[in-house]
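One structure below.
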Amino acid sequence: MNIVRKHLLSLMAVLLAAPTGTSFAQQCDPIETHKLLADDGRAYDNFGHSVAISGTTTIVGCPWHDDRGEMSGSAYLFDITTGQQIKELLVNDGRASDSFGYSVAISADVAIVGASLDDEIGSAYIYRRTGSAWELEEKITASDRAYEDLFGTSVAVDGNVAVVGAGGIAKLAAYVYRWNGSSWQEEQKLIPSGAGNGFGQTVAIDQNCILVGSQYASQNQGNAYFFRWDANRSEWIEEQIVTASDGEPNDLFGTSVSLDGDEAIIGAYWDNALQGSAYIFRWDGNTWNEVQKLTASDGEDHDRFGFSVDLSGATAVVGAFTDRADGSAYLFRRSGDVWMEDSKLIASDGAADDYFGYSVSISLDRAVLGAIWDDDNGIDSGSSYIFDLNCGPTLSTLGSCPGNMRFKVENATANQKVAYLYASNTGSIQIPPGNPCAGTILGLNATVKLAEIIHADANGTAKLDIKTPQKACNRIYLQALDLTTCTTSNTILIQ
């Protein structure tokens, strides 16, 4: 399909120039919607030490909770729509100092909780939701478990595959488990080929790729390992070791990791006198390349920006738990291929030493952030906060002009229509009354036309594949419009 084609249908044929300014892209407008507290919270629980979110459910780790003995730990499931606690997760074999809840992860109907000091070795517990009920499915341990492995220091899950890090000094490994329909089977032990101090203390998985941090490697400069599933060999193959291009000793690159599709984010919170940073890596089909370093626009020494990170589509969140004394987190958005700081998240009732942003997780347009030293249920009892990010769709491209190109929209309304619009230049044009999305200001000029309308998938992603002609290159601007929310994306020049 040629992109230089039909008019913007009759409903937009009479678009009028808007008298307002030239703000082109819908920006995020984060709103704190709920503060989460454990129903039985008490002093020194550290509720919020770990958090994860999937769909409308979040899980919060509370490793120093005392229900099964001092510091035995627990985890809590919440409905993020209502902020109501669904269930407290406890285990019958829990004992003092297990640290159950040290790490948590969730993917749809499967949740996993790490107990890194269980029997001074470590374990992880996998739960499954059937209907509305969450029940323990299986306890997993390493086949070669040993004293002080710290198995369960980190956990990650995606569908039927789970990853558990064993960050103990003597172990330095991550274990992959796969659900076979009746049980979780240990599939492979991942070990680093090179310097790997700290390997396994952070893990992430997305589809057929696993990312493992190793923040103490090379004089604490840190690195991270990518592994990819080889279906022909039925094993996980070490794909690449990455480091920060400007890395130095004691940066602790790899302290936090997250992975989504062809992009990854890796935190280095000791960088630049603990001001901290995070790095974006992008897969080009052959290699993971560092494409950008993220820092806080108002960063200062000892903010610890990058201690926690998460990535979902065109949105990233980075925690800085000692910023502002009470802590904060920063929201970044990808516009085209460039990541830009969009917003700063702070707790509405933040107080000194709350450590807000100690843990972070995002899914689609919502985020959960832990504040482990909040005092609502007693000294250092901890809390977590839910934010609606209220971000508009983001438009990016793959390929180059002229030729076959993909125009991808992320963060649109799931399973609903997205309009792709183009014009000869940017501008400010308003949809007049009486039309769908009336009053919406587009970032294009009066030559605006419709390229196509695409249904977004269940993740809010729409993809338009076209063959762009030479006459469109460096001449045509494109923008997306979510026809449900009437929010607009960034504008991009086709090139």
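Rule-based calculations on the coordinates, nothing more; no lab input. Just so it is clear, the model here is predicted, and its values are computed rather than measured. Virtual Cβ from ideal backbone geometry, glycine too; neighbours counted across all protein chains shown.
Details
- Checking Ala367, Ala419, Ala438, Ala451 one by one, the residue that is over 18 Å from Ser343 (Cβ atoms) and either within 20 Å of the chain's Cα centre (by Cα) or in a loop (DSSP other than H, G, I, E, B) (or both) is Ala438 and no other.
- Residues of the stretch 454-471 satisfying the condition of being of a type in the set (Asp, Glu) and assigned to a loop (DSSP other than H, G, I, E, B): Asp457
- In summary, Thr255 fulfils each of the numbered conditions (1) hydroxyl-bearing (Ser, Thr, Tyr); (2) surrounded by 20 or more Cβ atoms within 10 Å (Cβ to Cβ); (3) part of a loop (DSSP other than H, G, I, E, B) with the single exception of condition (3).
- Some residue of the stretch 221-228 being closer than 22 Å to Tyr177 by Cβ and surrounded by fewer than 19 Cβ atoms within 10 Å (Cβ to Cβ): yes
- Assessment of the stretch 291-300 against the conditions (part of a loop (DSSP other than H, G, I, E, B), within 24 Å of Gly200 (Cβ to Cβ) and in contact with a strand residue (DSSP E or B) (Cβ under 9 Å, 6 or more places away or on another chain)) yields no matching residue.
- Scanning the stretch 374-386 for residues that are buried (at least 24 other Cβ atoms within 10 Å of the Cβ) and of a type outside the set (Ser, Thr, Tyr) returns Asp374, Gly382.
- Here Asp158 fulfils each of the conditions (1) among the charged types (D, E, K, R); (2) more than 25 Å from the chain's Cα centre (by Cα); (3) crowded, with 17+ Cβ neighbours inside 10 Å apart from (2).
- Residues of the stretch 238-252 classified as crowded, with 17+ Cβ neighbours inside 10 Å and among the charged types (D, E, K, R), total: 2
- Just one of (1) of a type in the set (Lys, Arg); (2) more than 26 Å from Leu364 (Cβ to Cβ); (3) in a strand (DSSP E or B) fails for Arg228. It is (2).
- Of all the residues in the stretch 175-209, those that are more than 21 Å from Ala146 (Cα to Cα) and of a type in the set (A, V, I, L, M, F, W, C) number 5.
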